[in-house]
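Please treat every number below as a calculation from the coordinates, not as lab data. The shown structure was predicted, so the numbers you read here are calculated from the model rather than taken from an experiment. Virtual Cβ from ideal backbone geometry, glycine too; neighbours counted across all protein chains shown.
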Amino acid sequence: MPSVFILEKDSGARRFLSDSLAGSYELDFFSNGTTIKDVIYNRHYDLIILDLPSQPEPFKLLRWIKSDLPYTPVIVTSRVEPADIVVKTIKEGASDFIAKPYSSDRVTHAVSQAIEERSLKNEIDYLRRNQDVIYDFEKVVAESANMKGVIETLKKFAQTDATIMMTGETGTGKSFLAGSIHFNSCRAKRPFVKINCANIPETLLESELFGHEKGSFTGADRLRIGRFEQADGGTLFLDEIGEISQSLQAKLLRILEDKAFERVGGNRTIHVDVRVIVATNRDLEALIEAGKFREDLYYRINILSVGLPPLRERKDCIEPMAQTMLAKICRSLKKKIDGYSETVMERIKAYDWPGNIRQLSNVIERAAILQEGTIIRMDNVIIPTPKQKVASGNLDQSLSPTQASEKELILNALEESLWIQKDAAEKLGLSPRTLNYKIKKYNITHPRWRKNK
């Protein structure tokens, strides 16, 4: 239930507001006092209602709220309504001005609108760019039996509020499926926020997740709302959860259990209602054995779990997926390409795709950009042949065929990127951190590198 701070001296007005709002909001009434700032600051209110005559310097208090708590909406009330006061109130940051005597309809509308706009603003601050992805289970290419089973399972999971864990190799579609879970759940009209834990330095990840208070560290010149607050009422997708540090794992465990946290540098406990979906391409049980992942957190996120099959185990999906991708890419490029040559499609279906859906999409996009005719030809498609050897030497014979194929793909991307890891990661559709992990895993080195960063 949203919480509302109300500064109001008049007992009749207090009773009116209580009668109008008490059933839908948690109300805290105050008449005046020197501790008002402390009360407001130490409690996470969804809305503040200020009566102008109740405070000796009302605009000073309003300025303080909008400076230190810029995401908290403020409604100002008064028995006088001169135009200059109304204009000044709005200029100082109030979301609305209500003249007394109160109208029940006016009050309830203003309060509900302010709280709704606060939630929407948090979402817009995160999703400033238009999202062109339409998350829908029906848009998932699931021709193979194993993938059909995954989709049916996730449809059932979507109807619950429990934490979901998706496992699978990089590029198997975990992010899209997380969005599909959210938009097919009762939280569909609330925010869907996602974050890749591997793409953000550990020193910044805590602030990204939980936000920070103004002045909490060097460079923190303003309050920052974290992803958990942005997702309040909706869903937060934590991709590559196996990459987070153990100190953050402890804080994540707390918020999953208590639905509460503090911003970095803050002491106010903030309560949120967030459904969490996590994903990983790591073996979390092996990380537990190695002392790198908390066992209690593992059991907390492993309430509903599903494993996504790699593309090589869902061969029936490859051709329709390639056709769907090509159509989407051509719309974006404003090009007309009808399909693939027979040779290209045979190669696409035969290849194991160690980079999975992401790799397939990258290969098709490159081919579509380069192709001048209406059919994708082999000369614009880069797919390593099974017998291809790279200039850096033969592959380690101790590797499995799948691992050898992945190592070969990484070596090819590095060579094409002049051994610049960041460019190779982008080419492969991987995060730099994930590529660095695989480079170390396969003992890939190059004279140009002083070390594997």
### Message
For D51, what residues show an amide H to amide H distance below 5 Å, using hydrogens built from the backbone and excluding near sequence neighbours?
### Response
L7, T77
## Note on the structure
Of the residues S341, W353, A327, the Cα lying farthest along the dipole of the stretch 312-380 towards its positive end, which is defined by charges on the beta carbon of Lys, Arg, Asp and Glu, belongs to A327
### Summary
The relative contact order of the stretch 137-309, taking Cα pairs under 8 Å that sit 6 or more residues apart, comes to a percentage of 33 percent
### Nearest-ten-degree value, helix 145-158 long axis tilted from longest Cα axis of the chain
10 degrees
### Task
On a 0 to 90° scale, report how tilted helix 356-370 is relative to the longest principal axis of the chain, with both axes built from alpha carbons and the result rounded to the nearest 10.
80 degrees
### Query
So who's got an amide H within less than 5 Å of the one on Y340, skipping anything under 5 residues away but keeping other chains? H placed 1.01 Å off N, in plane.
I376
### Rel. contact order, % - alpha carbon contacts under 8 angstrom, at least six apart, the chain
12 percent
#### Entry: ³J(HN,Hα) computed for each position of the stretch 232-240 - Karplus, 6.51 cos²θ - 1.76 cosθ + 1.60, integer Hz, glycine/proline x
3, x, x, 10, 10, 9, 9, 8, 6
### Summary
Expected vector for the stretch 172-184, Karplus 3J(HN,Hα) from phi with 6.51, -1.76, 1.60 and θ = phi - 60°, integer Hz, x for Gly and Pro, equals 8, x, 5, 5, 4, 5, 4, x, 5, 4, 4, 6, 10
### Task
Beyond 32 Å between alpha-carbons counts as too far, so tell me which of K139/K251; K189/K335; K315/K335; K315/K438; K155/K259; K148/K407 fall in that bin.
K139/K251; K189/K335
### Message
Per residue of the stretch 424-440, what does 6.51 cos²θ - 1.76 cosθ + 1.60 with θ = phi - 60° give for ³J(HN,Hα)? Whole Hz please, x for Gly and Pro, Karplus curve as stated.
### Response
5, 4, 5, 5, 7, x, 10, 6, x, 5, 5, 4, 4, 4, 6, 4, 5
### Message
What is the ratio of the Cα radius of gyration of the stretch 60-118 to 2.2 N^0.38 Å, with N the residue count, to two decimals?
### Response
1.11
### Message
Tell me which of I85, I65, A22 sits at the most positive position along the dipole axis of the stretch 3-126, charges placed on C-beta atoms (Lys, Arg +1; Asp, Glu -1).
### Response
I85
### Task
For every helix of n ≥ 4 consecutive DSSP H residues, a contribution of -39,500 (n - 2.57) applies; sum these over the chain, divide by its total residues, and give [θ] at 222 nm rounded to the nearest 500 deg cm²/dmol.
-13000 deg cm²/dmol
### Query
How compact and how long is the stretch 3-126, expressed as Rg and Dmax of its alpha-carbon atoms in Å?
13.5, 41
#### Entry: DSSP-assigned coil residues among trypsin sites (Lys or Arg not before Pro) in the stretch 43-115, each with at most 14 further Cβ atoms within 10 Å
R43, R79
### Task
Would you compute, for the Cα atoms of the chain, the largest minus smallest coordinate along each principal axis and list the three values in descending order, in whole Å?
85, 48, 40
### Message
How long are the semi-axes of the equivalent ellipsoid of the stretch 207-256, taking √(5λ) for every eigenvalue λ of the Cα gyration tensor, in whole Å from largest down?
### Response
21, 15, 9
